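Reviewing the structure listed below.
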Amino acid sequence: MLRILQREEWQEAILKNRDLNINEESAFIDVLRNLTSLDPVYFIYQANNKAIISFIAYTKGEQIRHPSHFFYSAFWIENNLSDTQYCQYLYEFISALVKQYDTIEIKLPIDVLDIRPFLWNKFSITNYYTYIKKLDKLDYHSVTEKNIRKVKKLGYTCVREKMNGESLNVNLQLFSDLKVYGKRKIANIGKLMMALSGQGYLESFNCYKDDELIASNLILLDEKFKIAYTLLLNKTSRINKDDVHSLLHDFFFTQLKEDGYSYVDLLGADMKNIASFKSRFKTDLKPHFLVRYNKRKVYIDNGVDKIKSLAKLILKRFT
């Protein structure tokens, strides 16, 4: 049965079975709500009084929107289910959801791989990839290890510190350089990073030379589950050809391993050059899915299918 609960009641129900994920914590939810003006709605699907599926939907009217491409949706499904149970429960959950909303967008976390119930409910699927770096063993491709040794001899220093205006601006400059976002969008990303940093979710891993900032990486830290997510990375100058990015990755991998983190999600493996760089850290490639539902499109597609079926019947009668 699908239910909508108030936040405190929803969190209490979740905590009976498991800990809250980082994007289910009140402070994290408030950051997204305040910056997007979307209303969080707390869904829980239960069977035999046990939580089977949970989802925090960020809504505006009859739309469920994904609030930020930097994060996976706060979507969870019990992993100890039979194939029949999984398909039945998830199908029923989605079917109830599409009755309430005209458009739905969910960025599924990497552990949700069976998307058949979404397809059966006429969702469109976009396939993405990311790289996972497990921190139990810090060995890399020989070329990367050679580059790290070379850069270490050039006087670079890596530091883990609280994000400041300089490190934030270096990372935001990436969007201006690539011309992928306008000024307003970039400013909103900056506000998001500052809010996450203010709540203690975000740290900056920086590379300096002669006290000058050369490169910066903003990393989201899930302290409870010991998972890190690389949100942004950029150099201050495209002229500098030293492989400081590899040096910086080795630095934060080592730091996080010492702190007991299990893995880092490098958040992206779709662009060819970036994928090639990240793969050299001996990472694991993982797919993940963005699922979308549009009620109007489904109605149109269903109508077109009916017309095609009718046309085939008519043609069959006269042939």
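The values are calculated or read from the model by the stated rules, or taken from the named source; none is laboratory data. None of the values given here were measured: they were computed from a predicted structure. Neighbour counts are summed over all protein chains in view; Cβ atoms, including those assigned to glycine, are modelled from backbone coordinates with ideal geometry.
The set of residues from the range 230-260 being within 20 Å of L285 (Cβ to Cβ), touching a Leu at 6+ places or on another chain (Cβ under 6 Å), touching a residue at least 40 places away in the same chain (Cβ under 8 Å) and not in a helix (DSSP H, G or I) comprises just one member, L231. Of the residues contained in the range 44-61, none is found to be surrounded by 15 or more Cβ atoms within 10 Å (Cβ to Cβ), basic (K, R), in the same structural domain as V112 (by TED's automatic domain parsing) and farther than 14 Å from F71 by Cβ. Within the range 21-59, if we keep just the residues that are closer than 25 Å to E92 by Cβ and of a type in the set (D, E, K, R), the residue that is nearest to the chain's Cα centre (by Cα) turns out to be E24.
Please work out if L174 is outside the structural domain of L221 (by TED's automatic domain parsing) and of a type in the set (A, V, I, L, M, F, W, C). In short, no. When each of V143, V151 is tested for being β-branched (V, I, T), over 26 Å from D222 (Cβ atoms) and either surrounded by fewer than 15 Cβ atoms within 10 Å (Cβ to Cβ) or free of Cβ contacts under 8 Å to residues at least 60 places away in the same chain (or both), the lone residue that passes is V143. Scanning the range 97-135 for residues that are among the hydrophobic types (A, V, I, L, M, F, W, C) and touching a His at 6+ places or on another chain (Cβ under 7 Å), we see that the one that is nearest to G268 (Cα to Cα) is I110.
Set side by side, the residues L267, L248 differ, and just one is modelled with pLDDT of 95 or more and touching a strand residue (DSSP E or B) at 6+ places or on another chain (Cβ under 7 Å), which is L248. Of the helices (runs of 4 or more DSSP H) contained entirely in the range 100-204, those carrying at least 2 residues that are more than 30 Å from V244 (Cα to Cα) fall at 116-120. Restricting the range 195-233 to residues that are of a type outside the set (S, T, N, Q) and touching a Gly at 6+ places or on another chain (Cβ under 9 Å), the residue that is surrounded by the most Cβ atoms within 10 Å (Cβ to Cβ) is L221. Within the range 63-97, the set of residues being crowded, with 19+ Cβ neighbours inside 10 Å, not hydroxyl-bearing (S, T, Y) and not in a loop (DSSP other than H, G, I, E, B) comprises I64, F75, W76, I77, L90, F93, I94, L97.
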